[in-house]
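Asks: Starting off with a structure, shown below.
The values are calculated or read from the model by the stated rules, or taken from the named source; none is laboratory data. These figures come from a predicted structure and were not determined experimentally. As a convention, Cβ positions derive from the backbone with ideal geometry for all residues, glycine included, and neighbour counts pool all protein chains shown.
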């Protein structure tokens, strides 16, 4: 399965996906991608490319080719399980609506 | 491909109908979604051209880093040029999600198969040009780019959001360079005015030809890549510039500029589109120099890329060996 962002082939350096934790207490969030020869350089390049204005306190990099994603052509079937299961949301339960602290 | 229920109504595939529905609903198209080939091609052309513009756009200002009048100005200019490199990289990555690799984009730039913004083919003979580029060129770029944050292609919109956040400092620092010159000596004021005279019209032409001569615009707007027409954006830009020029105390070099009460906009004169097409055709002040320098930088850096790759491969092999010995 192809990875997101991987156009394959002719690059001297592999493609990396970059995830940044913007401050303590928050998750790492995908920031973008870059090319780098190895993981050490990928982290350094990510610092220069994605945190020039103190946007991060921590960086993850992962090779784009190591990412496995769900099949976009099957997204209908794949994500249909929650359909019709409104009882999984608090808003489904109407009788208790006016009761305090519920 | 499933056929639609009534081929008399449409001969579009189910994929295409789904694509149309998402565009209509103002949803974003993501890299692995089905998309019409023409949409993909248009985006590759536009995003790569945009990336090339950022990368080539480093040169007119890089020219002034060593000559900037103070350490503070040097540091600011370096930060700005570094941002432009970053913007180019965000955009190249966005283009790559459409299935083109970076080497190919580089070759298209070098051979002239891909364009970049004509504005960067003008030279920067004075320090005031750093001010004009920030105020006028980056100002026009921002005007163009803010609506692109809502472009229908997800990776492009995300790259533009990041770029727009960073770009506003570029325009302000340029404005302040001009402001400082305008508060200076007669010679400094003359330098600022002379520079604005040179950059004003080319900056207005950055929005592209008038709507009636821009055949691809309609389609890009239907696809929600572009949100406003070239002329609408140009008008918006002029409306912002006139009061800013008053703050600076510079004159915009167009005697036709006047407030039109009825339209609620400033009128302005016709632009010399022959000049635009001449520069586009490669006959600007610096077309050959810009591309030659980019090519040289790429070639001069090739040993670094290869050495880093070789080092990474060797380290990886050493780790593999160590792993085998340990197990």
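Asks: Could you identify the single residue in B:68, B:113, B:51 that is closer than 22 Å to residue B:208 by Cα and assigned to a loop (DSSP other than H, G, I, E, B)?
Replies: Numbers: B:68 fails: closer than 22 Å to residue B:208 by Cα; B:51 fails: assigned to a loop (DSSP other than H, G, I, E, B).
Going through B:68, B:113, B:51 in turn, just one is closer than 22 Å to residue B:208 by Cα and assigned to a loop (DSSP other than H, G, I, E, B): B:113.
Asks: Considering the stretch A:8-29 alone, what residues qualify as being facing chain B (nearest Cβ under 9 Å) and assigned to a strand (DSSP E or B)?
Replies: A:15
Asks: Scan the stretch B:80-98 for residues that are farther than 14 Å from residue A:45 by Cβ, touching a residue at least 12 places away in the same chain (Cβ under 8 Å) and within 9 Å of another protein chain (Cβ to nearest Cβ) and jot them down.
Replies: Within the stretch B:80-98, the subset farther than 14 Å from residue A:45 by Cβ is B:80-81, B:83-84, B:87, B:91, B:94-98.
The next check asks that each one be touching a residue at least 12 places away in the same chain (Cβ under 8 Å); those that pass are B:80-81, B:83-84, B:87, B:91, B:94-95, B:97-98.
Listed by number, the residues that qualify are B:83, B:94, B:95, B:97, B:98.
Asks: For residues in the stretch B:99-114 being surrounded by 21 or more Cβ atoms within 10 Å (Cβ to Cβ) and either more than 30 Å from residue B:39 (Cα to Cα) or touching a residue at least 40 places away in the same chain (Cβ under 8 Å) (or both), which is farthest from the other protein chains (Cβ to nearest Cβ)?
Replies: So in the stretch B:99-114, the residues surrounded by 21 or more Cβ atoms within 10 Å (Cβ to Cβ) come out as B:102, B:105, B:109.
Going one step further and asking which of them are either more than 30 Å from residue B:39 (Cα to Cα) or touching a residue at least 40 places away in the same chain (Cβ under 8 Å) (or both), we end up with B:105, B:109.
Numbers: B:105: 10, B:109: 15 Å.
Selected residue: B:109.
Asks: May I ask you to verify whether residue B:89 is surrounded by 15 or more Cβ atoms within 10 Å (Cβ to Cβ) and either on the phi > 0 side of the Ramachandran plot or outside any helix (DSSP H, G or I) (or both)? Show your work before the answer.
Replies: Working: surrounded by 15 or more Cβ atoms within 10 Å (Cβ to Cβ): yes; either on the phi > 0 side of the Ramachandran plot or outside any helix (DSSP H, G or I) (or both): no.
No: the conditions fail for residue B:89.
Asks: Separate question: Looking at the stretch A:74-92, can you tell me whether even one residue there is outside any loop (DSSP other than H, G, I, E, B), in contact with a helix residue (DSSP H, G or I) (Cβ under 8 Å, 6 or more places away or on another chain) and surrounded by 10 or more Cβ atoms within 10 Å (Cβ to Cβ)? Before the answer, list the steps.
Replies: Initial filter on the stretch A:74-92 (outside any loop (DSSP other than H, G, I, E, B)): A:74-78, A:86-88, A:90-92.
Among the residues that remain, those that are also in contact with a helix residue (DSSP H, G or I) (Cβ under 8 Å, 6 or more places away or on another chain) are: A:86, A:92.
With the extra rule that they be surrounded by 10 or more Cβ atoms within 10 Å (Cβ to Cβ), the set shrinks to A:86.
Yes, because at least one residue in the stretch A:74-92 is outside any loop (DSSP other than H, G, I, E, B), in contact with a helix residue (DSSP H, G or I) (Cβ under 8 Å, 6 or more places away or on another chain) and surrounded by 10 or more Cβ atoms within 10 Å (Cβ to Cβ).
Asks: If you check every pair at least six apart or on different chains, which have Cβ atoms under 7 Å apart with a residue in the stretch A:35-57 that is more than 11 Å from chain B (Cβ to nearest Cβ) first and a residue that is surrounded by 14 or more Cβ atoms within 10 Å (Cβ to Cβ) and assigned to a helix (DSSP H, G or I) second?
Replies: A:56/A:50
Asks: Here is a follow-up. Wholly within the stretch B:247-327, which helices (runs of 4 or more DSSP H) include no fewer than the required count, namely at least 3 residues that are within 26 Å of residue B:102 (Cα to Cα), within 13 Å of another protein chain (Cβ to nearest Cβ) and modelled with pLDDT under 95?
Replies: Working: elements: B:273-278, B:287-300, B:302-326.
Per the criteria, B:302-326.
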